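Colleague: Questions regarding the structure given below will be posed in turn.
The values are calculated or read from the model by the stated rules, or taken from the named source; none is laboratory data. Keep in mind that what you see is a predicted model, and the values were worked out from it rather than measured. All Cβ positions, glycine included, derive from the backbone under ideal geometry; neighbour counts span all protein chains shown. Heavy atoms of the whole protein, side chains included, go into the accessibility calculation; ligands, DNA and RNA do not. Shrake-Rupley method; radii C 1.70, N 1.55, O 1.52, S 1.80 Å.
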Amino acid sequence: AIPGGIEILIVDDASTDQSLRQARLAQRDSVLPVRIIEKRFNTGLADARNVGLRFARAPYGFIMDADNLILPRAFKELYNAITRSGSAAAYSILCRFRGQPSNRSGLLSYFDWDPRMLVEHPYIDAMALFDRPQLLALGGYDNELFKIGWFGWEDYELWLRMAAAHLRAVLVPNILCLYRH
């Protein structure tokens, strides 16, 4: 069990599809507390994640996009790893899938934390449990990357900044999350 329990926070970045309706249905049917933040304007992934981090109440935050999946034991294993190690983040091996989750197509995020290797290529996905105060002190996600043409690199840039700040992350060497490819 995780002390204090789990709260789900959904940030709707001014979606134009049925995402908000689906979020409300999930909120209605969930046994866990669910809060929905409705943004009036789409300001992008980095800002949506930062809004969620600021509105969250827990000391830890798990970042997840709507098209990915998490296995039932994931939070417990990631929480145990981050609290035992005192790291700024805990991540696990991800299994890629296409279409249905049973259509598996390879692994992601399977190397231990190594800032030197991280500089060479992005090998860790965003789906991780973060120490929220440390992430906020670091400035959260960079909202300005699009100005230099770094569309879609928000996660990688954050991991690089964590490494530059000498923060640590810990790998849980189990498949705990599914990444839609």
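Colleague: Please list, ordered by residue number, the strands (runs of 3 or more DSSP E) wholly in the range 41-114 having 2 or more residues that are aromatic (Phe, Trp, Tyr) and in contact (Cβ under 8 Å) with a residue 60 or more places away in the chain.
Modeller: 60-62, 89-97
Colleague: Select from the range 122-181 the residues that are in contact (Cβ under 8 Å) with a residue 60 or more places away in the chain and of a type in the set (S, T, N, Q) and write down the one among them that is nearest to LEU69 (Cα to Cα).
Modeller: The extreme case among them is ASN174.
Colleague: Within the range 17-40, take every residue that is touching a residue at least 12 places away in the same chain (Cβ under 8 Å) and loosely packed, with under 11 Cβ neighbours inside 10 Å and give me the one that is farthest from GLY140 (Cα to Cα).
Modeller: SER30
Colleague: Also, I was wondering about something else. Quick one: in the range 57-83, of everything that is open to solvent by less than 40 Å² (accessible area, probe 1.4 Å) and under 13 Å from the mean Cα position of the chain (by Cα), which residue is nearest to GLY4 (Cα to Cα)?
Modeller: The qualifying residue nearest to GLY4 (Cα to Cα) is GLY61.
Colleague: Moving on to the next point. Any residue at all in the range 84-100 that is more than 25 Å from GLU154 (Cβ to Cβ) and surrounded by 14 or more Cβ atoms within 10 Å (Cβ to Cβ)?
Modeller: no
Colleague: How many residues does the range 129-148 contain that are of a type outside the set (D, E, K, R) and more than 23 Å from SER92 (Cβ to Cβ)? Working first, answer last.
Modeller: Restricting attention to the range 129-148, the residues satisfying the condition of being of a type outside the set (D, E, K, R) are 129-130, 133-141, 143, 145-146, 148.
Next, from what is left, pick out any that are more than 23 Å from SER92 (Cβ to Cβ): 137, 139, 143, 145-146, 148.
Residues meeting the conditions: 6.
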